[in-house]
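Undergrad: Would you mind keeping the following structure in view while I ask a few things?
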Amino acid sequence: MSSEIHFKEHTDYLEIKYIGYNNIKEFFDSLETAFDICKKKNFTNIILDTIEVDFTNVQDMDRFYAGEKIAKVSCFPNNIKVAVVGPKKYYTGFADNVATNRGAIIKIFQNKNDAIKWIMK
């Protein structure tokens with residue numbers, strides 16, 4: 001299965017939609033790109049839409065590094081608010097806990113409407 005990453009700029013936030021399998025390197029690269037866009041466009045909110053990603057084979061260390069990466073790129077200089085939308089069956093709380101412990105403002109959702117409401121507060 002191939003993977004796709006789509007960036008969509010909304011009025012008040014950047015949305016990144018992931019489709020297919022979870023490739024950690026592609027994910028890290030997309031975060032760098034996303035936060036570069038946020039800096040250039042002065043966005044302070046991001047939605048990472050992972051509803052269509054298969055996380056079946058994601059290891060705990062990948063979750064750890066994902067949380068670390070989200071914190072690293074979201075905290076400086078703008079403290080970007082990150083909403084992750086994903087299927088509940090894959091949610092462990094580990095990545096967002098790692099990110100939060102490193103200063104990120106992050107929350108996990110099962111639907112995009114709730115994520116949008118949260119980032120717009």
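The values are calculated or read from the model by the stated rules, or taken from the named source; none is laboratory data. Just so it is clear, the structure is predicted and the values come from calculations on it, not from any experiment. A quick note on method: Cβ atoms are made from the backbone with ideal geometry, for glycine too, and the neighbour counts reach across all protein chains shown.
Undergrad: List pairs: first residue in region 31-44 and farther than 19 Å from Ala66 by Cα, second residue surrounded by 20 or more Cβ atoms within 10 Å (Cβ to Cβ) and among the polar types (S, T, N, Q) anywhere in the structure, Cβ distance under 8 angstrom, at least six positions apart or on different chains.
TA: As it stands, the answer is none, since no pair meets every condition given.
Undergrad: Report yes if Lys41 is farther than 17 Å from Phe76 by Cα, loosely packed, with under 15 Cβ neighbours inside 10 Å and touching an Asp or Glu at 6+ places or on another chain (Cβ under 8 Å), otherwise no.
TA: No.
Undergrad: While we're looking at this one, here's another question. Name the single residue, out of those in region 1-29 being in contact with a strand residue (DSSP E or B) (Cβ under 9 Å, 6 or more places away or on another chain) and polar (S, T, N, Q), that is modelled with the highest pLDDT.
TA: My answer is Ser3.
Undergrad: A follow-up question, please. Among residues belonging to region 51-80 that are charged (D, E, K, R) and out of contact with any helix residue (DSSP H, G or I) (no Cβ under 8 Å at 6 or more places or on another chain), point out the one that is surrounded by the most Cβ atoms within 10 Å (Cβ to Cβ).
TA: Lys72
Undergrad: Could you give every pair whose Cβ atoms fall below 7 Å, whose first residue belongs to region 10-27 and is at positive phi, and whose second residue is in a loop (DSSP other than H, G, I, E, B), counting only separations of at least 6 or pairs across chains?
TA: Between residues of region 10-27 that are at positive phi and residues that are in a loop (DSSP other than H, G, I, E, B), the close pairs are Gly20/Met1; Gly20/Ser2; Gly20/Ser3.
Undergrad: Identify all residues within region 58-93 that are aromatic (Phe, Trp, Tyr) and more than 15 Å from Phe35 (Cα to Cα); write none if there are none.
TA: Residues satisfying the conditions are Phe64, Tyr65, Tyr90, Tyr91.
Undergrad: In region 90-106, what residues are surrounded by 21 or more Cβ atoms within 10 Å (Cβ to Cβ) and either within 16 Å of Gln59 (Cα to Cα) or polar (S, T, N, Q) (or both)?
TA: Ala95, Asp96
Undergrad: Could you grab me the full set of residues in region 35-68 that are within 12 Å of the chain's Cα centre (by Cα) and among the charged types (D, E, K, R)?
TA: Of everything in region 35-68, those that are within 12 Å of the chain's Cα centre (by Cα) and among the charged types (D, E, K, R) turn out to be Asp49, Arg63, Glu68.
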